[in-house]
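Following: one structure in structure tokens, then a few remarks.
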Amino acid sequence: MAAYSLAELAERLGCRLIGPGEVLVSGVCPLSPGRPGCVGFLAAPAYRRLLGDTQAVAVILKPEDAALCPVPALVTEHPHLAFAELATLLHPPESIRPGCHPSAVIDPTASIHPRAEVGPHCVIEAGVAIGEDVVLGPQCLVRRNAHIGDETRLTARVYIGPGVHLGRRCVLHPGAVIGADGFGFAQDGERWIKVPQLGTVRIGDDVEIGANTTVDRGALEDTVIEDGVKLDNQIQIGHNVKIGRHTAIAACTGISGSTVIGAHCMIGGGVGMSGHLQIADGVVITGMTMVTHSLRAAGVYSSGIPADANRRWQRNAARFRHLDELADRVRRLERSGTVPAFGSDEEGSTA
């Protein structure tokens, strides 16, 4: 593993160094307890209490925290970003081993760049195009006429459906399924008739897709994920969904068909979205929110009830069942003049 001096790292990361520049760094570590020879980082004020006892050789932190640091400091306004760059520098991806494993099954019409790596038990169907420095880990399946852009990595057991287009520098983690049929059925009396899913999936550059996340192919038009989107594990993306560039979505979110999500959105874990919605650019949706209507302006949106002591939760749940009755009683009181109408001031004028 390569080692760098703190002076070298400060220059590479654009940080201001406080302390001796000759100290060598060979890895990264948590702030607490930290490890000799490794660098930690402090980005959130809640963790300042851990700084004084760290065993890290240096810490990346903000200017306001530098005076509290007992070890050399790499000072920047963006510690988490600098830490990510440092971790990538010290722990780069495994080098590519060009060539196709003997156990891989490859259609003769497939086009595979000589610098691509195809791992054990992969299956590559007719008309597939695989670019330079692509890595297909064990047991990946790439269906007919799919395209995989340069430097993209399919780590293991990834399914790429017919005609799917993956951009450059994407990362797909184990079990990801891209381009399976969408959930399309027409009702015929008491039975369901499958609607053929005739579109595919188009994924831009620099997209990362987590383990066991599924992206359905479009019914008529394509499902589209634009450049820089980050999808966590176990997310369901329905058919014809469109996700704008640099949007990040946390685990266990489900997005129903034909919803359009804007650019630079952040969607928390366990969010559920109805179909055919429009989500504006710059929207933040907190975890466990149920979205049933379009969100047409940037901002932070939430729903759901946070956890509470069970006894109090049960009382409030019982009261919830009587809300209609309570609302009727309030309306009767308002009509009788006993109480002012909701939303009125004391003189009875509308606020």
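For the chain, with a Gaussian network of springs between Cα atoms less than 10 Å apart, report the residue from Pro20, Pro162, Pro92 with the top mean-square fluctuation.
Pro20
From the C-alpha gyration tensor of the chain, pull out the three semi-axes of the equivalent ellipsoid (sqrt of 5λ each), sorted largest to smallest, in whole Å. All intermediate terms of the calculation are to be shown ahead of the outcome.
Working: eigenvalues 383, 277, 51 Å².
After scaling each eigenvalue by five and taking roots: 44, 37, 16 Å.
For the chain, with a Gaussian network of springs between Cα atoms less than 10 Å apart, report the residue from Arg168, Arg311, Arg12 with the top mean-square fluctuation.
Result for the chain, Cα springs under 10 Å: Arg311 fluctuates most.
Between the range 300-341 and the range 278-292, what is the separation of their alpha carbon centroids in Å?
Cα centroid of the range 300-341 versus Cα centroid of the range 278-292: 25 Å apart.
If I take every Cα pair under 8 Å that is 6 or more residues apart in the chain, average their sequence separation and divide by the length, what percent do I get for the relative contact order?
Relative CO of the chain lands at 6 percent.
222 nm [θ] for the chain, helices only, -39500 (n - 2.57) per DSSP H run of 4+, per residue, to 500?
Details: 4 runs with 45 residues, N = 351.
The per-residue figure over the chain is -4000 deg cm²/dmol.
Which residue, Gly270, Gly182, Ala297, has the largest displacement toward the positive end of the dipole of the range 100-301 when charges sit on each Cβ (Lys, Arg +1; Asp, Glu -1)?
Going by the Cα projections, it comes out as Gly270.
Which of the lysines could a cross-linker span from Lys230 if the Cα-Cα distance has to be under 20 Å and same-chain partners fewer than 8 positions apart are dropped?
Here the lysines satisfying the reach criterion relative to Lys230 are Lys242.
Going by Cα centres, the range 112-165 and the range 1-57 are how many Å apart?
Using only Cα atoms, the two centres lie 38 Å from each other.
What's the magnitude of the charge dipole for the range 100-301 around its Cα centre, counting Lys and Arg as +1 and Asp and Glu as -1 at the beta-carbon? Answer in Debye, nearest 20. Provide the component values of the computation, followed by the final result.
Numbers: 15 positive and 20 negative charges, 47 e Å.
I would put it at about 220 debye.
Out of Val283, Val164, Thr152, whose Cα points farthest toward the positive end of the dipole of the range 100-301 (charges: +1 Lys, Arg; -1 Asp, Glu; placed on Cβ)?
Positive-most Cα among the choices belongs to Val283.
Taking the Cβ of each residue in Cys100, Cys140 as the centre, tally the other Cβ atoms inside 10 Å and list the residues starting with the fewest. Before the final figure, lay out each step's value.
Values: Cys100 18, Cys140 26.
Lowest count first: Cys100, Cys140.
Could you compute the net charge surrounding Lys230? Neighbours are other residues with a C-beta less than 12 Å from the C-beta of Lys230; K and R count +1, D and E count -1. Can you show the working numbers first?
Values: positive: Arg245; negative: Asp206, Glu208, Glu226, Asp227, Asp232.
Around Lys230, the surrounding residues sum to -4.
Answer rounded, prolate or oblate for the range 4-90, using the Cα gyration tensor with square roots of eigenvalues a ≥ b ≥ c: rounded when a/c is under 1.5, else prolate when a/b is larger than b/c, else oblate. Spell out each step's value before the answer.
Details: a/c = 1.38, a/b = 1.24, b/c = 1.11.
Because its axes are fairly even, with a/c under 1.5, the range 4-90 counts as rounded.
Consider a paramagnetic label point 7 Å from the Cα of Leu24 along Cα→Cβ; state which residues of the range 32-56 have an amide N under 13 Å from it.
Under 13 Å, as judged by backbone N against the label point of Leu24, lie 37-38 of the range 32-56.
For the range 47-178, rounded, prolate or oblate, judged on the Cα gyration tensor with a ≥ b ≥ c (square roots of eigenvalues), a/c < 1.5 rounded, else prolate if a/b > b/c?
On the way: a/c = 3.52, a/b = 3.21, b/c = 1.10.
Prolate, since a/c reaches 1.5 and a/b exceeds b/c.
Rule-based calculations on the coordinates, nothing more; no lab input. Computed from a predicted structure; not experimentally measured. As a convention, Cβ positions derive from the backbone with ideal geometry for all residues, glycine included, and neighbour counts pool all protein chains shown.
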